[in-house]
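What follows is a set of notes on a single structure, which appears directly below.
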Amino acid sequence: MKIPFLNLHPTHSKLKQEILAAFEEVYDSNWFIAGSKLAQFESEYARFNNVTNCIGVSNGLDALFLALKALNVGPGDEVIVPSNTYIATALAVTHTGATPVFVEPVVSSYNIDPDLIASAISIKTKAIIPVHLYGQACQMDAICSITEKHGLHIVEDNAQAHGARFAGKATGSWGAINATSFYPGKNLGALGDGGALTTNSEALAASLSMLRNYGSKEKYVHEIDGYNMRLDECQAAFLSVKLKYLTDWTQQRQMIAAMYDEGLSGTGDLILPQVHPGATHVYHLYVIRTNHRSNLSVYLAERGIGTLIHYPQPPHLQKAYREMGYHKGDFPIAELIADTCLSLPLWPGMAMDDIAFIINTIKRFFDE
Ligand SMILES: *Cc1c(COP(=O)(O)O)cnc(C)c1O
């Protein structure tokens, strides 16, 4: 048995002809930036998220950064982010010159703890970035009631949760602006880098489309100090092909997660993912926790099973942020998760035999 952590082959091999046809169309059009493929994908992704506007951009980090720029976040401002996120969430904040203020997650859902947000708000707080980590929607009702009370913007980081919902409403449609990534391994992945912003505000959509394109609406007229952070025609065309399959892929992810849930429940000291009331989970990652992580991951690797850790070190302990002066112990829940979490293989089209083998191998580890 050889089971990698992630295998894109089952989905990509089925789409090969459609993807090649999409590439050929772009190639033959000789139009590679800001054309009809981008416009088409943007309207499809806006519809998927149930918002009025989508702005395709270069990647998820740029999407988060542009969202904050469009909301005028900058030096002297504070932005609340979870203490247990991928570094991009925090980097987007520091790239604007603002300061990330870390708030611990609820240990059972891995998502930011709404009860801890209020005490992190200061006079400088401008926005909050809830991250729908691993694919589970945050408690958006509780987060919205805090932000409304304090007049803060929400920018969702929806990089891991395309298609998730809270209280029936899509992630990526709650905030003033929402950012997502189409990194190849994400639930909706491009064949290279890509990202998008979603918003229901025409005014913010207009600033975002200028910001991503040299501050320009009209060629050679630059109204604001902008960036080159565009999504190209090839990636947009590929994403349009893949978006049609996303709902099916999400159902497959949820079915595989249900098999893990059933097969692994009551095994050793394993803590399995828990879906909180009101939320749906699209299982970008199936993350378990155990105090025996390092032995378990070695045991699985020796039997051909790939696993990864999301993430081994929280942002506050990264060398990149040493000047913020944080220490081990400052965010104990994020650190506990980092020390004990393990992501199991999961992808649409995964063979049932593989899932059964993984479950049995994990059980055998705890029996020995
Ligand atoms: C992947 C990811 C990003 C960054 O996306 P890129 O396209 O790689 O820049 C941001 N936030 C989260 C939570 C992610 O998982």
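Summary of computed values
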item: Net charge of neighbours whose Cβ lies under 11 Å from the Cβ of Cys54, counting Lys and Arg as +1 and Asp and Glu as -1; result: -1
item: Most to least packed among 312-320, 41-49, 280-288 [average Cβ atoms within 10 Å]; result: 280-288, 41-49, 312-320
item: q = 0.23 Å⁻¹: log10 I(q)/I(0) that the Debye formula gives for the range 98-147, counting C-alpha atoms only; result: -0.87
item: Rule-of-thumb Rg ratio for the range 70-186 [Cα; 2.2 N^0.38 Å; N residues]; result: 0.96
item: Choice from Lys69, Lys124, Lys219 showing the highest fluctuation, given a GNM over the chain with Cα pairs closer than 10 Å; result: Lys219
item: Probe 1.4 Å, protein heavy atoms only - accessible area per residue of the chain in square angstrom; result: 43 Å²
item: Flagged links, alpha-carbon separation over 24 Å, of Lys2/Lys319; Lys37/Lys244; Lys16/Lys244; result: Lys2/Lys319
item: Among Val298, Gly263, Phe23 - extreme Cα towards positive end, dipole of the chain, charges at beta-carbon; result: Phe23
item: Tail fraction, Cα-Cα pairs, the range 1-99, threshold 24 Å, whole percent; result: 50 percent
item: Surface accessible to a 1.4 Å probe, Trp249 within the full protein complex, Å²; result: 20 Å²
item: Aspartates and glutamates whose Cα lies under 12 Å from that of Lys124, excluding same-chain neighbours fewer than 8 positions away; result: Asp77, Glu78
item: Accessible surface of the chain, 1.4 Å probe, proportion on carbon and sulfur as whole %; result: 53 percent
item: Hz values of 3J(HN,Hα) by residue in the range 248-262 - Karplus curve (6.51, -1.76, 1.60), Gly and Pro given as x; result: 5, 4, 4, 4, 5, 4, 5, 5, 5, 4, 5, 5, 4, 4, 5
item: Cβ-based net charge around Val241, under 14 Å, with every Lys or Arg adding one and every Asp or Glu removing one; result: -1
item: Cα-centred dipole magnitude for the chain, charges only on beta-carbon of K, R (+1) and D, E (-1), debye, nearest 20; result: 180 debye
item: Rounded Å value of the spacing that divides the Cα centres of the range 253-272 and the range 136-173; result: 26 Å
item: Reference-scaled alpha-carbon Rg (2.2 N^0.38 Å with N residues) for the range 181-229; result: 1.35
item: Compactness of the chain, expressed as Rg and Dmax over alpha-carbon positions, Å; result: 20.6, 69
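The values are calculated or read from the model by the stated rules, or taken from the named source; none is laboratory data. Bear in mind the structure is a predicted one, so any value in this text is a computation, not a measurement. Don't worry about glycine lacking a Cβ; one is built from the backbone with ideal geometry, like all the others, and counts go over all protein chains shown. The protein model used for the area step is the full one, side chains on, heavy atoms only, and it has no ligands, DNA or RNA in it. Shrake-Rupley method; radii C 1.70, N 1.55, O 1.52, S 1.80 Å.
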